[in-house]
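A.B. asks: Here it is, the structure, as structure tokens.
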Amino acid sequence: MILRKRVELEKDFYKNELLKMEYFKTPEGLQLYELTLSELENIYESEKVKGEING
């Protein structure tokens, strides 16, 4: 149960950070809440790099 809560907290963190970056859906049309933790982490890292390049 503790692990599940930890995963949900991490997913919430990544979803909130992606929303701040104005990232709402994947190119495939999936909403952030539909993604796994690892998918959210990968997208976050990718978007962070894009922001650093464009920033």
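A.B. asks: When the helix-only estimate is applied to the chain (DSSP H runs of n ≥ 4, each -39,500 (n - 2.57), divided by the residue count), what is the mean residue ellipticity at 222 nm, nearest 500 deg cm²/dmol?
C.D. replies: -23000 deg cm²/dmol
A.B. asks: Using Rg and Dmax of the Cα atoms in Å as the read-out, say which of [x] 11.7, 40; [y] 13.1, 43; [z] 12.6, 39 was calculated from these coordinates.
C.D. replies: Checked against the structure: label [x].
A.B. asks: Another question about this same structure. Let me confirm the definition first: pairs of Lys residues in the chain, 8 or more apart or on different chains, C-alpha distance under 15 Å. How many are there?
C.D. replies: Working: Lys11/Lys20; Lys11/Lys25; Lys15/Lys25; Lys15/Lys48; Lys20/Lys48; Lys20/Lys50.
Count of close lysine pairs: 6.
A.B. asks: Compute the acute angle (0 to 90°) between the alpha-carbon long axis of helix 2-20 and the principal axis of greatest extent of the alpha-carbon atoms of the chain; round to the nearest 10°.
C.D. replies: Relative to the chain, helix 2-20 is tipped by roughly 20 degrees.
A.B. asks: Computing the accessible area with a 1.4 Å probe over protein heavy atoms, can you report the carbon and sulfur percentage for the chain?
C.D. replies: Carbon plus sulfur share of accessible area: 54 percent.
A.B. asks: What does the charge add up to near Phe24, with Lys and Arg as +1, Asp and Glu as -1, over the other residues with Cβ less than 14 Å from its Cβ? Walk me through the numbers before you get to the answer.
C.D. replies: Working: positive: Lys15, Lys20, Lys25; negative: Glu17, Glu22, Glu28, Glu34, Glu47.
So the surrounding residues net to -2.
A.B. asks: Can you pull out the chymotrypsin sites (Phe, Trp or Tyr not before Pro) in the range 8-55 that DSSP calls coil and that have at most 14 other Cβ atoms within 10 Å?
C.D. replies: Phe24
A.B. asks: Can you list the GluC sites (Glu not before Pro) in the range 24-55 that are in a DSSP coil and have 12 or fewer other beta carbons within 10 angstrom?
C.D. replies: Those that pass, being in a loop and sparsely packed, are Glu28.
A.B. asks: Another question, then. Might you work out the accessible area of Ile43 for me, using a 1.4 Å probe with all protein chains in place, and round it to the nearest 10 Å²?
C.D. replies: Accessible surface of Ile43 is approximately 30 Å².
A.B. asks: What whole-number value in Å² describes the accessible area per residue of the chain for a 1.4 Å probe?
C.D. replies: Here the per-residue accessible area is 80 Å².
The values are calculated or read from the model by the stated rules, or taken from the named source; none is laboratory data. In this text, all values refer to a predicted model and were calculated from it rather than measured experimentally. Glycine gets a Cβ as well: all are built from the backbone with ideal geometry, and neighbour counts include every protein chain shown. Ligands, DNA and RNA are stripped out before the accessible areas are found, and what is left, the full protein with its side chains, is counted by its heavy atoms. Shrake-Rupley method; radii C 1.70, N 1.55, O 1.52, S 1.80 Å.
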